[in-house]
Structure formats: structure tokens, C-alpha cells
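Working notes, structure below.
The values are calculated or read from the model by the stated rules, or taken from the named source; none is laboratory data. Everything quoted here is computed from the prediction, not taken from an experiment. So basically every Cβ, Gly included, is an ideal-geometry build from the backbone, and we count neighbours across all protein chains shown.
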Amino acid sequence: MARQLPDAAAADLLALAGVALEHDELADALDTVCRIAAGAVPHAEGASLTTFTPKGPEATASSDVWATQLDEMQYEELEGPCLDAGRTGMVFRVRDMGREPRWPSYMPRAFATGAQSMVSIPMTVEAKTIGALNLYSREVDAFDAAAVSLAEVIAGHASLATQVSAALNHQRDLATQLREAMASRATIEQAKGVVMATVGCTPEEAWARLVQESQHENRKVREICEDLVRRQHRS
């Protein structure tokens, strides 16, 4: 029989579904994912998201400074559960950092910060590992099988939120660029109209004059047109 989630954890998972739509910036969405993860998984006291870029791993988001510090120590030592989760696509659980023989450079440093146990869950998009969700606790053996299963569900939501947020931000950028291009085009057409009315020339000749002035002043045509339109409105 499947174990029922606590009401608070279920509410947190529902909140994850809307994270990507509630934030304009991807970084804000991912920070929210980390805060939800730290609150939803029992005994978790910090959460972070590590992403893997051509430049190497990055602490993309976290619930707090402590979680970020624990992530960045792994990058400095070039070893740790989150790095291996990203490399292998496997879940890594550390029950007792004070006695963990794996990652001998990282574990003593993490233990010195007060961390006692952790779990790293790979995040995947379209069968490609893009990062890892990391949960940290100041308790020994804080994450049982049920907690790990819940963390895996959250990692799946985090992967989806990352993908959706990135797509939404890309679409917003395209929309902004389109609006700017349309506004620039309208300004250029107004400027051409001013030149045509002033010197009595064709649209092509007006455009050539604007380009020539742009080259002479070493400024963008759009800036020349904006100045011309502003002067016309003031006159």
C-alpha cells in the first residue's frame, strides 16, 4: 500500500507545479524550489540545486547560505555526492558524514560546518542529466527511504520547473525583442517622414540621408531617428 504524504508535503508539491509561472526570473523560481524542498522533506535543513554547464558545476539556487557553502566545497574539492549524481545519474545518500569513507576530501569539510547527512538526486530533462537536487541535514541518518522517495519526486518537479522557466524566459526575451524592434521601426518611419517633409525627397532618399548621418556621427541609425523625432515633437 502506498504511503500517503503528509498534508504539508502534499501542499508543497502542489506549490511546485506553479513555481515557473509565478516568477519572471529563472533564478527566483529555482530559489523557491529549494525553499520548498527544504520544507517538504522531513529533517532537511538546507537544499540546493547544482547545474552542470560547459564551464563546470554551478550552485544555481539554494534555500540558504549554508546549502550554497556545502555545494561550493564540492566544486573546490572536485568531489562530492552532487557531482557524482550529475555524472552517473544515480542517487547518493550519505547517512553519517563523520564516518563516510567516500569523498575523503569533501566530507571532513562538510562535517565541520555542522552537516551530518545528505542526499543528492539527479535532475534530468529528456533523458539528459542537467544537475542535482541536494538536501542537507544537521542530523545523522536524517533521510530514510521515504524521504529519499519524496526528494526524487521533488527533483522531478524541479527538472520540469527548470525546463518550463527557461522556456518562458526565452519567450519573454523574444517578445521584448519584438516589441523593441517594432518600436524602433515606428521611430525610423517617423524620422523618414520628417526628412521627406523637410527636404522634399523620396522614402529611399530619406533613408539614405539618415544612414549617411549615422555614419558621419558614428552612431546607430535608431539613435539618429530618435533624436530627430524628439526635436520634431518639441518644435
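Taking segment 216-235, which residues are in contact with a helix residue (DSSP H, G or I) (Cβ under 9 Å, 6 or more places away or on another chain) and surrounded by fewer than 16 Cβ atoms within 10 Å (Cβ to Cβ)?
Scanning segment 216-235 gives E217, R219, K220, E223, D227, R231, Q232.
Can we say L21 is surrounded by fewer than 19 Cβ atoms within 10 Å (Cβ to Cβ), at pLDDT below 85 and assigned by TED's automatic domain parsing to the domain that holds I154?
Taking the combined requirement at face value, the residue satisfies it.
What are the residues in segment 190-204 that are among the charged types (D, E, K, R) and surrounded by 14 or more Cβ atoms within 10 Å (Cβ to Cβ), if any?
Passing the criteria: only K192.
Within segment 98-144, track down each residue that is among the small types (G, A, S) and under 19 Å from E76 (Cα atoms).
S105, A110, A112, G114, A115, S120, G131, A132
From A44, A40, A85, A112, which residue is of a type in the set (A, V, I, L, M) and modelled with pLDDT under 90?
A40
From the residues in segment 101-132 that are crowded, with 24+ Cβ neighbours inside 10 Å and either under 10 Å from G86 (Cβ atoms) or among the basic types (K, R) (or both), which one is nearest to the chain's Cα centre (by Cα)?
That would be G131.
Can you tell me which of (1) under 17 Å from S149 (Cβ atoms); (2) within 21 Å of the chain's Cα centre (by Cα) is the one Y75 doesn't meet?
Only one criterion in (1) under 17 Å from S149 (Cβ atoms); (2) within 21 Å of the chain's Cα centre (by Cα) is unmet by Y75, namely (1).
List the residue pairs whose Cβ atoms are under 8 Å apart, where the first residue sits in segment 207-235 and is free of Cβ contacts under 8 Å to residues at least 12 places away in the same chain and over 12 Å from Q190 (Cβ atoms), the second is aliphatic (A, V, I, L, M) and assigned to a helix (DSSP H, G or I), and the two are 6 or more positions apart or on different chains.
Pairs that qualify, where the first residue is free of Cβ contacts under 8 Å to residues at least 12 places away in the same chain and over 12 Å from Q190 (Cβ atoms) and the partner is aliphatic (A, V, I, L, M) and assigned to a helix (DSSP H, G or I), are V211/V221; E213/I224; S214/V221; S214/I224; E217/I224.
With the structure loaded, tell me whether A161 is more than 21 Å from L83 (Cβ to Cβ), modelled with pLDDT under 75, under 27 Å from the mean Cα position of the chain (by Cα) and not assigned by TED's automatic domain parsing to the domain that holds R95 or whether it fails that test.
no
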